[in-house]
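Read the structure below first, then the notes.
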Amino acid sequence: MKIAVVGTGYVGLTTGTAFAEKGHDVVCMDVDEQKINNLKKGIIPIWEPGLTTLVRGNAKSGRLTFTTSIEEAMQSSQVMFIAVGTPPGEDGSADLKYVRQVATDIGKALSAMRTRKNAYHVIVNKSTVPVGTGNLVRDIVAKHYKGEFDVVSNPEFLREGAAVEDCLNPDRAVVGTDSEKAQRVMKALFKPFDCPVVFMDVRSAELTKYASNALLASEISFINSISRVAEVVGADVTKVAEGMKLDRRIGPHAFLRAGAGYGGSCFPKDVKALIHISKQAGVDATFLQAVEDVNATQKASVVDKLETLLGKKSLKGKTVTVWGLAFKPNTDDMREAVALTVIPKLVRKGAKVIAHDPVADVQASIYMPEQKGKLQYVQDKWEAAKGADALVVLTEWPEYQKVTLAELKKVLKTPILVDGRNIWDPKQAQELKFDYDSIGRQVGNESEDVLAACCSAPEMHAAL
Ligand SMILES: NC(=O)c1ccc[n+]([C@@H]2O[C@H](COP(=O)([O-])OP(=O)(O)OC[C@H]3O[C@@H](n4cnc5c(N)ncnc54)[C@H](O)[C@@H]3O)[C@@H](O)[C@H]2O)c1
């Protein structure tokens, strides 16, 4: 099948490449000339494990090509994917300016095609878009193109850092369409993928994407809320999560890993967008708002923890090393990363920050430029940590997970460590005399007052 993918970012490039790998002929189009020129030379604009090999292999075989011309992309394609960004607007709603532009461009390009004018086309929205965008795209295209076409919703569920694997072996494909003709095309498209294809109406497919991301974000905020209770009552949130996940109604893959909060290009913006959609629909969004609020305070709590460990000493004049800038391991994506909250806060409080990330330092320096004496990026993690007054870890990159506390103790000036991703063992940290804090794991440090309050609750006495 001949496919065009408009927008060659994390989603467009990876899904387009996966379609090519499965035997379809794919042309990826983008307005960013430099990106397309680099892709033609085999230079990949994003850091995503396994993607470079796959792009180069499929480009070599001729199944994957790149262009900046929408007319060229449309020329021989029966199916056109829209995979452009839908960033949050000021009020949290998804900004649809790129989607609108692409719909206009597709309509005009289809109309201008002479050879296959009036042939049937399927326009597939892969971008995450508010309910009703399918209709919007259909109306925009119809203004310019009078031939036969359908607009389908096929939201993308890939995880950055595992995007290649997710696109080649998806859990499922969600396809929203009311047209039998479009359904047949989409079935053929996904035939080479060994996954269930769930058909539904367009609006339900659009909402499925937001609902999925909102639930995953909720799980994270839920376990982070439990981590706060665990810290006060002296429980271990990682054990609590382990115990919970064995319940088949919860499951082993539940997002119950407590940490310094979620970031990335999807969860924060999609929760915001769903809050906006709910409010527009006159539906109470208290639950989703709480998910966001918990996440905001969770990110900020990292600095509070560091200040508590420093005790009377203030952050002013301290050198704090931050390991992990990307919003998660195995990506260079800095969008809404926790580091973007923590580092400016540390700098504002007078600390000098030495930052390290295995791949995201270049991206990070675009968001947070180096500032003499305030923020510096260092390429070697040991060099970054050498002589620091404290270390804060914000991303659980595998290379940090291999580091032992004994090794850390040798390089830090003072063994103060905020482990924002629960990498190290708190007991070992205590044995090695670290001033250490992590998320929800202060076993044995429970406050006597709180325990007394818990144990004197009337229900507890009644049960005895
Ligand atoms: N990144 C993820 O993990 C992920 C996962 C699932 C869904 N999504 C959704 O997929 C969509 C794309 O996300 P992304 O992360 O790939 O975005 P991105 O910002 O990485 O890429 C978007 C690309 O679209 C291009 N573009 C913009 N306007 C264009 C136009 N008129 N014509 C052609 N190209 C144009 C940009 O140059 C850019 O290369 C968003 O709606 C996002 O919410 C993202």
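Any idea what angle helix 180-190 forms with the longest principal axis of the chain, computed on alpha-carbon atoms, 0 to 90 degrees, nearest 10?
60 degrees
Quick check: the angle from helix 97-112's long axis to the longest principal axis of the chain, C-alpha only, nearest 10 degrees?
So the helix axis and the longest Cα principal axis differ by about 20 degrees.
Given axes a ≥ b ≥ c from the Cα gyration tensor, I'd like to know whether region 232-283 is rounded (a/c under 1.5), prolate (a/b larger than b/c) or oblate.
Working: a/c = 2.44, a/b = 1.99, b/c = 1.23.
Prolate, because a/c is 1.5 or more and a/b exceeds b/c.
Report the label-to-label distance for Ser76 and Glu383 in nanometres (one decimal), using points 7 Å from each Cα along the Cα→Cβ vector.
4.8 nm
Could you check what % of the DSSP bridge pairs in region 2-200 are antiparallel, to the nearest 5? Don't jump to the answer; show the numbers that get you there.
On the way: 2 of 28 bridges.
Within region 2-200, antiparallel bridges account for around 5 percent of the total.
Only bridges whose two residues both fall in the chain count here: according to DSSP, what percent of them are antiparallel, nearest 5? Please list the in-between numbers first.
Numbers: 4 of 48 bridges.
Of all bridge pairs located within the chain, approximately 10 percent are antiparallel.
Report the extension gain between Gln34 and Arg249 in nm, rounded to one decimal, defined as 0.36 nm multiplied by the number of residues separating them, less their alpha carbon distance. Working shown, then result.
Values: separation 215, 0.36 × 215 = 77.40 nm, distance 4.78 nm.
Result: 72.6 nm gained on full extension.
Which of Arg248, Arg335, Arg348 has the fewest other C-beta atoms within 10 Å, and how do the rest follow up to the most? Mind dumping the intermediate values first?
Details: Arg248 7, Arg335 20, Arg348 11.
Taking fewest neighbouring Cβ atoms as first place, the list is Arg248, Arg348, Arg335.
Using only Cα atoms, locate the centre of region 227-248 and the centre of region 85-136, then give the distance between them in Å, rounded to an integer.
44 Å
Given 0.36 nm per residue, what is the gain on full extension from Ser212 to Ser69 after removing their alpha carbon distance, in nm? Spell out each step's value before the answer.
Numbers: separation 143, 0.36 × 143 = 51.48 nm, distance 3.39 nm.
Full extension from Ser212 to Ser69 adds 48.1 nm.
Please say if region 1-137 is rounded, prolate or oblate, where rounded means a/c under 1.5 for a ≥ b ≥ c the square roots of the C-alpha gyration tensor eigenvalues, and otherwise the choice is prolate for a/b larger than b/c and oblate otherwise? Write out the running numbers ahead of the final one.
Details: a/c = 1.84, a/b = 1.16, b/c = 1.59.
Judged from the Cα gyration tensor, region 1-137 comes out oblate (a/c at least 1.5, b/c at or above a/b).
Pairs Lys143/Lys191; Lys22/Lys108; Lys352/Lys409; Lys35/Lys345: which exceed 23 Å Cα-Cα?
On the way: Lys143/Lys191 32 Å; Lys22/Lys108 30 Å; Lys352/Lys409 20 Å; Lys35/Lys345 33 Å.
From the list (Lys143/Lys191; Lys22/Lys108; Lys352/Lys409; Lys35/Lys345), the Cα-Cα distance tops 23 Å for Lys143/Lys191; Lys22/Lys108; Lys35/Lys345.
Amide H of Ala355: which non-local residues (sequence gap of 5 or more, or other chain) have their own amide H closer than 5 Å, using H built in the peptide plane?
So Ala355 has HN proximity to Val322, Gln376, Tyr377, Val378.
Relative contact order of the chain, please, whole-number percent, based on alpha carbon pairs below 8 angstrom and at least 6 residues apart.
On the way: 901 pairs, mean separation 57.0, N = 464.
Result for the chain is 12 percent.
Taking a virtual spin label 7 Å from the Cα of Gln280 along the C-beta vector, which residues in region 124-150 bring their backbone nitrogen under 16 Å of it?
127-140
With label points built 7 Å along Cα→Cβ from the Cα atoms of Asp178 and Lys374, find their separation and express it in nm.
Result for the modelled spin labels: 5.5 nm.
Angle check, please: helix 51-61 long axis (alpha carbons) against the longest principal axis of the chain (alpha carbons), in degrees 0 to 90, nearest 10.
Helix 51-61 and the main axis of the chain meet at about 20 degrees.
Using helices alone, what [θ] at 222 nm do you get for the chain, with -39,500 (n - 2.57) per DSSP H run of 4 or more residues, divided over all residues and rounded to the nearest 500?
On the way: 20 runs with 215 residues, N = 464.
The helix contribution divided over the chain gives -14000 deg cm²/dmol.
Since every read-out is calculated from the coordinates, none of them should be taken as a lab result. Treat the numbers as computed from the prediction; the structure is a model and nothing was measured. Backbone-built Cβ (ideal geometry, glycine too); neighbour counts: all protein chains shown.
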